[in-house]
Each structure stands twice: as structure tokens, then as C-alpha cells.
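Peer 1: Okay, here's the structure, questions in a sec.
All of the numbers you see were taken from the coordinates with simple rules; none came from a lab. Note that this is a predicted model, so its numbers are computed, not measured. No Cβ is skipped: glycine too gets one built from the backbone with ideal geometry, and neighbour counts run over all protein chains shown.
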Amino acid sequence: MIVGIGLFLPLFPFSVVLDRLLAVLAHPLPRVVLILGWPHAGILLAAQLDGPPPAWLAWWSVTTGLVYGFRMLTMRDLNRWVSFLGTSQWTLLWVELIAGVDATTLHTHALAFSLPLALASLECTALDRRFGAAYSHVYGGLASVLPRLSAVFAVTVLAAVATPLWAGFLVLLHILLAAPSTWAMATVLLSSLLWSWAGVRVLQGLLVGPVEDGEPVNDLSRSVTVAALFALAALMAGGLLLTGDLA
């Protein structure tokens with residue numbers, strides 16, 4: 001049962017299954033479904049346990065999160081970057097699981113991590129269709145070429161790496177409060193720092209710098225841009241609602 005949960009709330013080396021699945025899925029719809037549903041399967045399995053998992057699994061969890069945080073720093077493939085960020089975040093839900101957090105709260109927290117990742121995956125598809133690949137530090141200056149897509153992607157990355165006010169940030173605070181020791185708490189904080197650092201590197205490699213010569217590409221439509229920003233605003237509102245649980 002622990003191995004099964006470790007597959008869906010990814011613990012290394014079981015996390016390579018998720019990495020591989022997201023790497024081979026080319027169509028955006030199954031990728032989004034996988035991102036949104038994967039951690040919930042682990043929470044459902046965990047509900048079948050007679051009690052909380054062993055406390056030592058918290059160390060396995062935070063170590064996995066830290067390792068994937070470091071891997072994100074050198075990752076230029078944006079789809080893989082999203083996959084590694086998801087693994088680094090979902091594995092930290094073990095800390096709450098061990099602390100006895102109820103399943104409903106865990107599902108909510110998993111969704112708070114997954115929604116911006118799903119949106120980022122769709123935006124990676126938009127980049128892939130326009131440039132033939134979704135990579136950072138390959139084509140730059142997108143802020144002047146595709147201002148609407150760049151704006152949406154920048155805000156999505158901020159939400160995905162759990163910056164303050166977004167739902168992921170509040171989930172991160174819940175995880176810190178549930179951490180079994182100071183060292184575990186420090187490891188979680190270091191992981192979150194790596195997410196932010198990796199997010200800055202990705203945005204720097206895409207949005208700034210000289211514009212590459214090439215054929216003109218179409219920006220996001222205004223309706224799609226408004227819909228994406230509305231979804232992100234709703235995610236921020238959901239994060240503010242989560243603050244009530246911290247009181």
C-alpha cells in the first residue's frame with residue numbers, strides 16, 4: 001500500500017513512472033487530466049490505511065521534493081519542468097498525510113498545487129505549436145513578440161511556484177506547520193526556494209533578451225487571455241480562503 005501511495009504522491013524512485021508518462025504524452029488533454037488526477041489517486045489509497053503512515057516517510061518525502069527542486073534548475077524542456085515541479089510539490093503532501101490531515105483537506109491542497117501546473121502545461125502546448133518546441137533559453141524576447149501569452153505564462157509560473165497569496169503558498173504554510181522537525185521544515189523551505197529560483201530562470205530564458213528572427217506567430221486571443229487570467233484570479237481567491245485554516 002505504501003508503494004502504491006508513493007507512486008501517486010511521488011516518492012523517488014517511484015516518481016520516474018509519472019515523469020515517463022508526462023514525457024510520452026504528446027496531446028495536451030491527457031497531460032492535463034494526468035496532472036489534475038494523479039495525486040488524488042494517492043490520497044484515495046491513503047484513506048484505506050488503518051492509521052497514518054510511518055513517520056520516517058516524511059524524510060523520504062522532503063528529500064524527494066528537494067532533489068526534484070534541484071533538477072528543475074537545469075531543465076530547459078518546459079513540459080519536463082512542469083512535471084518535476086509537480087513531483088516536488090505533490091510528494092510534500094506526505095508530511096500532512098503523516099500528520100493526520102483529513103482526506104478532504106488533502107484533496108483541496110493537491111488541487112491547489114495541480115491547477116496552475118495544468119494551466120502551465122496548456123501554455124507549453126501553445127509555445128510548442130508556435131515554435132515547434134517548448135524550451136527556455138532557446139528563443140527569447142517573447143514579452144515583445146507575444147505579450148498576452150507572455151503575461152499569462154509569467155503569472156502562471158508565479159502561481160505554480162507557490163509565491164505569496166496564491167493557493168500553493170498557503171498549502172506550503174500548512175505543510176510547514178505539519179512538518180515533524182525543524183530539519184524537515186528547513187528542507188521544505190529550501191525546496192520552495194528552488195522552485196522560485198527555477199521559475200525566475202525559466203521566465204528569464206523566455207521573456208527577455210533579443211528577439212529571434214523568424215516567421216511572425218500569433219499571440220493568444222483576447223478571450224483565451226481573459227479566461228486564463230480569470231482562472232488564475234480564482235486560484236488566488238481560493239488561496240485567500242485557505243488562510244482561514246491557519247488562524
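Peer 1: Is the range 77-131 best put as rounded, prolate or oblate by its Cα gyration tensor, with a ≥ b ≥ c the root eigenvalues, rounded for a/c under 1.5, and otherwise prolate when a/b is larger than b/c, oblate when not? Please list the in-between numbers first.
Peer 2: Values: a/c = 7.10, a/b = 2.55, b/c = 2.78.
Oblate shape, in that a/c is at least 1.5 and b/c is the bigger or equal ratio.
Peer 1: Using a simple charge model, +1 on the beta-carbon of Lys and Arg, -1 on the beta-carbon of Asp and Glu, nothing else, what dipole does the range 89-202 show about its Cα centre, in debye to the nearest 20?
Peer 2: Dipole about the Cα centre, nearest 20: 380 debye.
Peer 1: For the chain, what class follows from the C-alpha gyration tensor (a ≥ b ≥ c being the square roots of its eigenvalues): rounded when a/c is under 1.5, otherwise prolate if a/b is larger than b/c, else oblate?
Peer 2: Prolate, since a/c reaches 1.5 and a/b exceeds b/c.
Peer 1: At what distance in angstrom do the alpha carbon centres of the range 111-178 and the range 23-59 lie from each other?
Peer 2: After rounding, the separation between the Cα centres reads 21 Å.
Peer 1: While we're on this one: Could you give the angle, 0 to 90 degrees to the nearest 10, between helix 57-72's Cα long axis and the longest principal axis of the Cα atoms of the chain?
Peer 2: Compared with the principal axis, the helix lies near 10 degrees.
Peer 1: Please report, in debye to the nearest 20, how large the charge dipole of the range 2-246 is about its Cα centre when each Lys and Arg carries +1 at its beta carbon and each Asp and Glu carries -1 there.
Peer 2: 240
Peer 1: Please rank His174, His137, fewest neighbouring Cβ atoms within 10 Å first, as an exposure proxy. Before the final figure, lay out the partial values.
Peer 2: On the way: His174 22, His137 12.
Final ranking by Cβ density, sparse to dense: His137, His174.
Peer 1: Can you pull out the trypsin sites (Lys or Arg not before Pro) in the range 29-128 whose DSSP state is coil and whose Cβ has at most 12 other Cβ atoms within 10 Å?
Peer 2: Working: sites: Arg31, Arg71, Arg76, Arg80; in loops: Arg76.
In loop regions of the range 29-128 (DSSP not H, G, I, E or B), there are no sparsely surrounded trypsin sites (Lys or Arg not before Pro).
Peer 1: Given Leu235, Gly4, Gly69, which one lies farthest toward the positive end of the charge dipole of the chain, if we put +1 on the Cβ of every Lys and Arg and -1 on the Cβ of every Asp and Glu?
Peer 2: Looking along the dipole axis, the top candidate is Gly69.
Peer 1: How much mean residue ellipticity at 222 nm does the chain get from its helices, if each DSSP H run of length 4 or more adds -39500 (n - 2.57) and you divide by all residues, to the nearest 500 deg cm²/dmol?
Peer 2: When only DSSP H runs of four or more count, the value is -23500 deg cm²/dmol.
Peer 1: Angle, helix 222-242 long axis vs. longest principal axis of the chain, Cα atoms, 0 to 90°, nearest 10?
Peer 2: 20
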